[in-house]
Amino acid sequence: QVQLVESGGGLVQAGGSLRLSCVASGNIFRINAMAWYRQAPGKQRELVAIISSGVNTKYADSVKGRFTISRDNAKNTVYLQMNNLKPEDTAVYYCNADLMVAGTHWGQGTQVTVSS
């Protein structure tokens, strides 16, 4: 059994910052890539940022220069630092992890709301 638990969402004004965290726990042998997705009302879930088991990262064009993904392998944790937030960043943010043996897992999501 593997669980991903996100935290750090909330309500922030445009231009503000938030830091999301996601901790993986349970029967974990090794975590490959970890990622953050988001889904706004009426829209499809989209990839925000992804980080490999090393340090390679990739970002959606809409968040480049504002968001930073990082991970602490010792803590099985991935972070998303979000700066200069915009109203269009409002969404439910989901953590995703690709685990060796256990496969792909998702967190329950955390709401991020950016007011104008």
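Values computed for the structure shown
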read-out: Among (1) loosely packed, with under 14 Cβ neighbours inside 10 Å; (2) of a type outside the set (Gly, Ala, Ser); (3) within 11 Å of Leu20 (Cβ to Cβ) - the single one Val112 does not satisfy; value: (1)
read-out: Single condition Ser70 does not satisfy, out of (1) within 13 Å of the chain's Cα centre (by Cα); (2) among the hydroxyl-bearing types (Ser, Thr, Tyr); (3) buried (at least 17 other Cβ atoms within 10 Å of the Cβ); value: (3)
read-out: Selection status of Val92, within 11 Å of Ile31 (Cα to Cα) and not basic (Lys, Arg); value: no
read-out: Qualifying residues in the range 80-91 (those that are buried (at least 19 other Cβ atoms within 10 Å of the Cβ) and in a strand (DSSP E or B)) - the one farthest from the chain's Cα centre (by Cα); value: Ala91
read-out: The listed residue being surrounded by 12 or more Cβ atoms within 10 Å (Cβ to Cβ), within 18 Å of Val5 (Cβ to Cβ) and touching a residue at least 12 places away in the same chain (Cβ under 8 Å), out of Ala97, Ala60, Ala40; value: Ala97
read-out: Residue match in the range 18-32 (condition: open to solvent by 30 Å² or more (accessible area, probe 1.4 Å), among the β-branched types (Val, Ile, Thr) and either in a loop (DSSP other than H, G, I, E, B) or within 22 Å of Gly65 (Cβ to Cβ) (or both)); value: yes
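The values are calculated or read from the model by the stated rules, or taken from the named source; none is laboratory data. Given the structure is predicted, the values throughout are model-derived calculations rather than measurements. Don't worry about glycine lacking a Cβ; one is built from the backbone with ideal geometry, like all the others, and counts go over all protein chains shown. Note: areas computed on protein heavy atoms with side chains; ligands, DNA, RNA excluded. Shrake-Rupley method; radii C 1.70, N 1.55, O 1.52, S 1.80 Å.
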